[in-house]
Amino acid sequence: MTLDHPSSGEPAEPASADPIDRVIAYHIRTKHHFNRYARSLGFLDWANQPNPFRRFEGAHLIRLPLLSPDDDPQSPSYDAIYRPGAVAPQPLTIRTISRLFELALGLSAWKRAGESEWALRNNPSSGNLHPTEGYVLVPPVDGLDLPPGLYHYAAKEHGLELRADFPPAQITRLLAPFPDGAFLFGLSSVHWREAWKYGERAFRYCNHDVGHALGAARIAAATLGWTMLLLDGVEQNQVARLLGTHRREDFGEAEPEHPDCLAVVWAAEGVKRESSFVKRTEPTAIPLSLDLELVQELANGPWHGQANHLSREHGVHWDAIDEVAEASWKTSVEHRTIQLTQSPVLSKPLHASRTTIEATAIIRQRRSAVSFDGRTSISSATFFHLLHRLMPQAHQPQLHRPMPWDLLPWDPAIHLLLFVHRVEGLEPGLYVLVRDAKRLPLLQQAMNAELEWTPAPGCPNDLPLYWLLQGSAQRLAAQVSCHQGIAGDSAFSLGMLAEFEGRLREGGPWWYPRLFWETGLVGQVLYLEAEAAGVRGTGIGCFFDDPVHEIVGIKDLRLQSLYHFTIGGPVDDGRLLTLPAYYHLAAE
């Protein structure tokens, strides 16, 4: 679905008929270079800044209860959510649904400067523009004071808008292949929200924001003892039909939503279920797809609400975004299944961080740093622990992989190029973390053959971290990150290197957004680990693509840097006033 606005600037280069070639052409077209940035408007049209809050006028809004730390349902420690079996599964109720959405997509605070005021959220977003919209499809459940149906999450109101009251029997049939009490969680993107500021590169940012949101939802689910799995076998038309993003009559002239993904959420195994989680014959495997006919039946039912307009005018429409969205559209159904086996119960967390802070507190306090002090360092033990959290343990069965990596039903495709500045006990320089050890030959072959691949001194044996180049990389890190000091003033920064053309050629063009989803999930773990360590992180979407590659001699498309990140001692802006997340609701 596209908006009817005039095209901007130069026409796109003639595209190949091959969708993979078209995706690659977009990626190359939207690279930043030292002498030229990817195409954007070049200034901020403040009069038409997009509304960060979508609503569906006419859809019934059900307010979710606001939960203070004192009356929050079971609030485990941050370490506990990483321990299989450590958090007892909570029943599906209006309160636990409230917890899920607040921690995944809800507000964390308001900031005020003079007469300007803006909201922050628990899921980070490029430029705080928040293109990601959340949905939930709930079945009939005893004790859940929420009629079955499809709901859109209204973040500002912390409520659920009923978009479609699907027949309960049809929802039950659709969810029958999944564990008892399972429900669906969905995400879509409003590309315009990012394009308003970032122009053609916005499709990239929207998709690593999908990854952030997936990570935030998976971690929020873990605080409730729930498991979450991306239904990656579903083709994209099904996602559109189930979320209602295909309904032109409901959007009209309003900004459309791009259907991104669906995930299934259910109570973790190993603990007796209560309330909605009544024992029944459980499936032994979980499908990664949905029944086509059932989805179509649901889509044909009654819908409610009209999407609000987010900007008065647009002026510029970025055809390149429409082109890559169409080229990367998933057109096939994959009838894969994931074995549902008893998860191991560990008495101690792997690589514990020694924090007793509640997970909900870490999530709610997360912020994106805007400046670093250039002095703060972290210990090598903290650094190694943080990197351990990023290891998906690809040799393990899918649902035995550590949280949140059990979410993504594929082997890791993202590896890290680390600029180490201030890590006590570790020499400054350039390092690489290979997140799947068996991919080490691919990385070595794609980079300069003269690089040293020395195991990092003092590094645990189970962490594939390699030292490539020694010496200060602060100036270099800032230079390739669009001359942003935050990349050099931190304790360390990094670029996320994706296995790029090979994944696209083998898996299909829809792997392009999925690579960004994985980077966003890496970013979400980094954000929370930084908070747990007493420092702060921030994502960096602006970097000079090919100059980053040249540092280690990447000359082709086998590897591409998709997202940067940096962690250090933050410098807060004392001029800003911070207000509680939902203070505006108390005045109603």
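Throughout, read-outs are computed from the coordinates displayed, never taken from laboratory work. Bear in mind the structure is a predicted one, so any value in this text is a computation, not a measurement. Counting neighbours? That spans all protein chains shown, and the Cβs are built from the backbone with ideal geometry, glycine included.
Placing +1 on the Cβ of every Lys and Arg and -1 on the Cβ of every Asp and Glu, with no other charges, gives the stretch 368-568 a dipole of roughly 180 debye about its Cα centre. Here the chain is assigned +1 on the Cβ of each Lys and Arg and -1 on the Cβ of each Asp and Glu. Its dipole about the Cα centre then comes out at about 1120 debye. Can you bin the stretch 484-553 into rounded, prolate or oblate? Criterion: square roots of the alpha carbon gyration tensor eigenvalues sorted a ≥ b ≥ c, rounded for a/c under 1.5, prolate for a/b above b/c, oblate for the rest. It comes out oblate by the Cα gyration axes.
Stretched out straight at 0.36 nm per residue, the stretch from Q396 to K111 would grow longer than its current Cα-Cα span by 98.3 nm. The separation of the stretch 133-206 from the stretch 478-506, counted between C-alpha centres, amounts to 32 Å.
Length available on full extension from K156 to S332: 0.36 nm per residue minus the Cα-Cα distance, which gives 59.8 nm.
A protection proxy built from the mean count of other Cβ atoms within 10 Å ranks the segments 35-45, 217-227, 93-103, 392-402, most packed first, as 217-227, 93-103, 392-402, 35-45. The trypsin sites (Lys or Arg not before Pro) of the stretch 510-573 that DSSP puts in a loop, and whose beta carbon has at most 13 other beta carbons within 10 Å, are K555.
Which residue, chosen from G488, W510, L451, occupies the Cα position most advanced towards the positive end of the dipole of the stretch 443-518, where the dipole is computed from +1 (Lys, Arg) and -1 (Asp, Glu) charges on Cβ about the Cα centre? Toward the positive end, the furthest listed residue is W510. Close Lys pairs in the chain (alpha-carbon distance under 24 Å; sequence gap of 8 or more, or different chains): 8.
Scanning the chain for cysteines with no neighbouring cysteine C-beta under 4.7 angstrom from their C-beta gives C206, C261, C459. Packing, taken as the mean count of other beta carbons within 10 Å per residue, orders the peptides 18-31, 517-530 from highest to lowest as 517-530, 18-31. Let me make sure I get this right: for the stretch 73-179, a, b and c are the square roots of the gyration tensor eigenvalues over alpha carbons, sorted descending. Under 1.5 in a/c it's rounded, otherwise prolate if a/b > b/c, else oblate. Which is it? Cα axes put the stretch 73-179 in the oblate bin. Matching the structure-derived percent of Cα pairs over 35 Å apart against the labelled list (1) 47; (2) 53; (3) 34 gives the label (3).
Please say if the stretch 368-568 is rounded, prolate or oblate, where rounded means a/c under 1.5 for a ≥ b ≥ c the square roots of the C-alpha gyration tensor eigenvalues, and otherwise the choice is prolate for a/b larger than b/c and oblate otherwise? Mind dumping the intermediate values first?
Details: a/c = 1.37, a/b = 1.22, b/c = 1.12.
Taking the square roots of the gyration eigenvalues as a ≥ b ≥ c, the stretch 368-568 is rounded.
For the chain, the membrane-span-like helix rule (DSSP H, alpha carbon extent of at least 27 Å along the helix axis, mean Kyte-Doolittle at least -0.5) picks out 202-222, 511-532; this says nothing about an actual membrane. Shown is the FRET efficiency for N128 and E550, computed with R0 = 41 Å from the Cβ-Cβ distance and rounded to the nearest 0.05: 0.85.
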